[in-house]
Amino acid sequence: MTAAFLIGLNDPPNPVWQHFHALRCELTDAIGPLVCHVRASLLRSRRNWWRMWLPARARARPTRHDVLPYASIMKLLSVSIASSIATRCGTAVFCALSATLLVACSLPPLGDRKPSTALSTDEVVTTRLGRVTEKDLNDHPGLTGIDPLADPLESFAARVDLARTAERTLDVQYYIWRNDLTGTLLLEELQEAASRGVRVRLLLDDNGIPSSMDDILAALAAQPNIEVRLFNPFVWRKPKFVGFVTDFSRLNRRMHNKSMTADGIATIIGGRNIGDEYFGATDGVVFADLDVLAIGPAAREVENDFDRYWASALAYPAEQILPRAKPDELHELDESARAVHRDPAAAAYVESLQKTTDVRRLVDGTLPLDWARARLVSDDPTKALGTAPPESLVLPQLLAKLGRPTHEFDLISPYFVPGEDGTRYLTELASSGITVRVLTNSLEATDVVPVHSGYAKRRVALLHGDVQLYELRRTAGATAHKHFSTGIFGSSGGSSLHAKTFAVDSERVFVGSLNLDPRSANLNTELGLVIDSPELAIRIESIFWQLVPKLAYEVKIDSNDKLYWTRQYGGETIRYDTEPNSTWFDRLTVTVFSILPIEWLL
């Protein structure tokens, strides 16, 4: 029994059935090409699936056919479910269910949106932040003041103080926003800023917010001076995974950008999302990460880039997607904040925030800044539609601004999937005498085991090419405090690497949201700064010769191409012949995913 028959080819020609006939045609158009293209896509897999992010040779950007196989699996699953429903319930019921599902999962028309843009230069200088930074900016024309934020508590406090210092605008853009301690506290700060008359624009990727926040965000968006937009939203709110079944090709592309900008003059960008694990507010695993506070021209670039995303075709006002706000729901946010303040552990965290003062020191003129040229690299928001020109993607911009290394290239990335081309690029650098060092998560430390498989399958080739590989241990939390602090709770669960930063020739550094994997390169939108700062570059490099021996395993290979891992402990070298502190199931999972043709998706 064919799918076409199941959706009613022989329906009688009355108006109701004509409607379902049109629906059937839409479904057939969606499913029909699957039969034709899956075989061809599989035959092309050896050529297409491992195409990757470093342009060692010219090639076109990924097309719809490059992402067909995984989407095909999702569509085949939905067809199978549909067949079962039609068999059990009859064609009419199936058509009604299909119509409901398609309508419920389709994006509504975008409609009119209230236009808003960044402050003009003249408006910026009249703000408190503009006034206190004016002299330094005049003394360093064209340069940006940089303050690295490695400590998670310090990084969260900087965001809180930035919200409290803003007078005109707060533009906030994140991939993940948790409904937890730090998420609640920062929403409270945004609400209080709006109550002071600050214009707050909050742009969140809809994949990164839990459905439990829908009512709170809807209530927040109903308040004066606050606008909330959801990027590439899920129309079916609970459970969201239904959207992946019905609209995978769209929802598979996400906005991974992370920035918070006040009054167009100060911005925080980097690798951190909003959640307790990013800011040391948990006893569990804490992400070792890096942000920067940037003052001046780079902040203006970030602000203008925010405008592009805010006005993009995928930025939907919350009121078009979320249920209508109820009068008592904003009180729920207030009550959540009060509950947070009553919790003893949360109260200790909040008290500790008072001891970190970077933004306050900026305001009173005592914060030392590294003045350097800083340039924004950011994807065109149309990348999330799959229509961005190749030259507008973040990776070509990044490679052009970083330049080709001449003696050192240090890479720190939690998810490192170099692919065939990336492996070739790095090994060619190393074979030419350039020191290439990579720090990523070990299997025990990673929070996404399938992504580790994309790295694991390339280790032998990288090591043969003289690339040095290091893998962060999960138990490294307490030792890492000075560079990637684990927060006031001590992190009994240890650390997992989440920083995305590269240093070139002790001169230039990238800090941002970009992972070294196909998803960041080809699917998600990303943002970061290339900073010409020897001071910051040397700080990144020092991690490899000061901290890596204490915090990480070094991956090596013997004469039989067998991998092994070493670590230093008590003046001795300890050797592991399998992935350290991993289970047989973890290793089996990595092996299975290494075989599957999914590298493009990682």
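Every number in this text was worked out from the coordinates using simple rules, so none of it is lab data. All figures in this text were calculated on a predicted structure; none of them were measured in a lab. So basically every Cβ, Gly included, is an ideal-geometry build from the backbone, and we count neighbours across all protein chains shown.
Descriptive notes on the structure:
- Normalised by the number of residues in segment 375-601, the average gap of Cα pairs under 8 Å and 6 or more apart makes the relative contact order 24 percent.
- On full extension, the segment bounded by I557 and W545 gains 2.3 nm, given 0.36 nm per residue less the C-alpha separation.
- The alpha carbon centroids of segment 520-536 and segment 202-250 are separated by 26 Å.
- Peptide packing: for 584-590, 192-198, 243-249, the average count of neighbouring Cβ atoms within 10 Å per residue gives the ranking 243-249, 192-198, 584-590, highest mean first.
- Segment 536-550 - phi-based ³J(HN,Hα) in whole Hz, Karplus 6.51/-1.76/1.60, Gly and Pro as x: 6, 4, 5, 5, 5, 5, 5, 4, 6, 9, 9, 9, 4, x, 8
- Cα gyration tensor, segment 148-265 - rounded (a/c under 1.5), prolate or oblate: prolate
- Unsatisfied cross-links (Cα-Cα over 20 Å) in the set K401/K500; K238/K258; K135/K258: K238/K258; K135/K258
- The lysines whose alpha-carbon is closer than 26 Å to the alpha-carbon of K562, local same-chain residues fewer than 8 away aside, are K457, K550.
- Derived scalar couplings ³J(HN,Hα) [segment 219-231; Karplus, 6.51 cos²θ - 1.76 cosθ + 1.60; whole Hz; x for Gly, Pro]: 5, 4, 5, 7, 7, x, 6, 10, 10, 10, 10, 10, 8
- The simple Förster model, with R0 at 41 Å and r as the Cβ-Cβ distance, assigns H331 and T583 a FRET efficiency of 0.35.
- Inter-part distance where segment 329-370 and segment 123-159 are each reduced to a Cα centre, Å: 19 Å
- Integer Hz, Karplus 6.51/-1.76/1.60 couplings in order for segment 253-262, x for Gly and Pro: 9, 10, 8, 9, 5, 9, 7, 9, 10, 10
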